[in-house]
1. Contour minus end-to-end for Asn276 and Gln22, with contour as 0.36 nm per residue of separation and end-to-end as the Cα-Cα distance?
2. Once you charge only the Cβ atoms, +1 for Lys and Arg and -1 for Asp and Glu, what is the size of the charge dipole of the chain about its Cα centre, to the nearest 20 debye?
3. Counting only protein heavy atoms, what percent of the accessible surface of region 22-129 is carbon or sulfur at a 1.4 Å probe?
4. In region 194-261, which GluC sites (Glu not before Pro) are in a loop and have at most 10 other Cβ atoms within 10 Å, using DSSP for the loop call?
5. Leaving out ligands and nucleic acids, and using a 1.4 Å probe, what accessible area per residue does region 57-303 come to in Å²?
6. Determine the sum of side-chain charges near Glu113: Lys and Arg each +1, Asp and Glu each -1, restricted to other residues whose C-beta is under 11 angstrom from that of Glu113.
7. For the cross-link pairs Lys205/Lys278; Lys164/Lys334; Lys10/Lys359; Lys32/Lys334; Lys184/Lys244; Lys10/Lys37, which exceed 22 Å when the distance is taken from alpha carbon to alpha carbon?
8. When the dipole is taken about the Cα centre of region 57-303, and only Lys, Arg (+1) and Asp, Glu (-1) are charged at their Cβ, what size is it in debye, to the nearest 20?
Amino acid sequence: MQENQNSEKKYEEFPRIKRLPQYVFAQVNEIKAKLRKQGEDIIDFGMGNPDLKPASHIIDKLCESAKKKTTHRYSMSQGIPRLRKAISDFYKRRYDVDINPETEAIMTIGAKEGLSHLMIAMLAPGDIALVPSPRYPIHYYAPVIAGASVLTVSIPLEGTNEEKQEQFLKNIYDSYEDSYPEPKVLILNFPNNPTTMTVDIDFFKEIVKFAKKKGLWIIHDFAYADLCFDGYKAPSILEVEGAKDVAVELYSMTKGFSMAGWRVGFVVGNETIVYNLKRLKSYLDYGTFTPIQVASIIALDSDYSIVEKAANTYSKRLDILVQGLNKIGWNVEKPLATMFLWAKIPEEFQHLGSMEFSKLLLTEAHVAVAPGIGFGEHGEGYVRFAVVENEKRIRQAIRNMKKFFKKYREELKLK
Ligand SMILES: Cc1ncc(COP(=O)(O)O)c(C=O)c1O
C-alpha cells in the first residue's frame, strides 16, 4: 500500500491518485508558511495568482443579478446562450474568427477544469498526448488523470525567438515520428507559462498543417491571450484558415479580466471536440452560478481597455523587476507577454539547482519564487517570478536580493 508521505496522517492512495506525485512547490510553500508564522514579511512571486480586481461595472452586475429571484436555480453546463454569443462576438472583434455559439463554444470552470475534462473526454488508456516541457503542471497531469501516456517535447530555452519557434516545431515533429502508437493530442500554450515564450501566426500555420496531415488534435491553452505588451499581440490559433478542423482553444477570463476566483473559461473551435466535452460535462455539472455568467457577458462586451489596463500594470511591474535584477548583476530580459519573468539562475548559484536556490532566496532575502524544476525536468536551472506584488514591494525585493547576493559573494571570497 503506497502512502502519502508529507501530511501528518497517512492515508492509502487509490490507483489514480498514486499517479499524481506530491506537489513540487509544496517544499517552498512550507518554508514560506513557517517564516510568515515567525512574523517575517515574504514578498511572494511564487504563484501566478492575479492580485488585481475586475472592473467595478462587472462586480456591480454580479451583485445586481444575484439579487434577482430567478438566478439561483441550476444553470446550463455548457453556459447560457447569451454568454456563448458574447465569447463568439469577442473572438470576431478581437481575432476576426467566426465561432458558432451553438456548436463551437462551451463554457468551462476556468481553463484548468476545461482541459482536465477535455482530456477525460478525448483520451483512453493506451493513448498518447504530446506535452511541452517545461509546462504548467495540469498540461501533463490532465492526460495522466485520463489514464493516457504522456510524451514530453522540450521547449527551447536559448536563442532568438525565431530560432526557438523553429526548434520547437522540429522537436514536435521528431517526437511524433518517434512515438508508437501515434500521439492523439498535442497540448500547446502560447504565450507560455512558465517560459514566457511567444509565437507568431506562422508557427500556428505550420503546426495546423502538420496536425491535419497526421490526424492529430491540437489543444491550445490561450490563458495569457490578453497579457501582452510593448506592441505584441498574441495570435489565436483559430486565426489560421482551417484550424477549426483540428484545434480548439482554451480562453480564460482569469488573467486579462482579473477574474481568477470566478472560474470562467471557454473551449472554442472544433465542433466534434466541443460536442464530446458537452456530453461529458452534462453528466458532471450544472454549470456556473448564473450571476457569474451574466457578469461575464458584461465583461466580454466591455471596452477592451479594461483588459489593457491590467496588462499595463503587469508590464510596468516587469519593467521594474527586470531593470532591478540587471542592476544587481542578474541578467534577464523582459518578455513580450504573460505576468512572469522566467530567469536563468545566476552562474554562481547554478550548482544549487532551482529548488535549493529558491529555498535560499526565501530564507535569506524573503523573496518567494517558483523553482523551475516544478515545471518538469526541462525547467531545471531557472526560476519563475510572477509579478503579483505591487511596484513598491518589487523594489523592496530587489533591495533584499542585492543584500543577499553581496553577503553570498563575500562569503565565497572568504572560502
Ligand atoms: C497556462 C495556464 N493555463 C491555465 C491556467 C488556469 O486558468 P484558469 O484560471 O482559467 O483555470 C493558468 C493559471 O495560472 C495557466 O498558467
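1. In short, 88.4 nm is gained.
2. Values: 57 positive and 53 negative charges, 305 e Å.
Dipole about the Cα centre, nearest 20: 1460 debye.
3. On the way: 3120 of 5840 Å².
Ligands and nucleic acids excluded, carbon and sulfur reach 53 percent.
4. Details: sites: Glu206, Glu239, Glu241, Glu249; in loops: Glu241.
Here the GluC sites (Glu not before Pro) that fit, given the DSSP loop and packing criteria, are Glu241.
5. 41
6. On the way: positive: Lys112, Arg263, Lys281; negative: Asp285.
In short, +2.
7. Details: Lys205/Lys278 28 Å; Lys164/Lys334 16 Å; Lys10/Lys359 26 Å; Lys32/Lys334 26 Å; Lys184/Lys244 16 Å; Lys10/Lys37 25 Å.
Long pairs (Cα-Cα over 22 Å): Lys205/Lys278; Lys10/Lys359; Lys32/Lys334; Lys10/Lys37.
8. Details: 28 positive and 31 negative charges, 255 e Å.
Here region 57-303 has a charge dipole of around 1220 debye.
The values are calculated or read from the model by the stated rules, or taken from the named source; none is laboratory data. In this text the structure is predicted, and so the values were computed from the model without any measurement. Quick reminder, even Gly has a Cβ in these numbers, built from the backbone with ideal geometry, and neighbours come from all protein chains shown. The accessibility values were calculated without ligands, DNA or RNA, using every heavy atom of the protein model including side chains. Shrake-Rupley method; radii C 1.70, N 1.55, O 1.52, S 1.80 Å.
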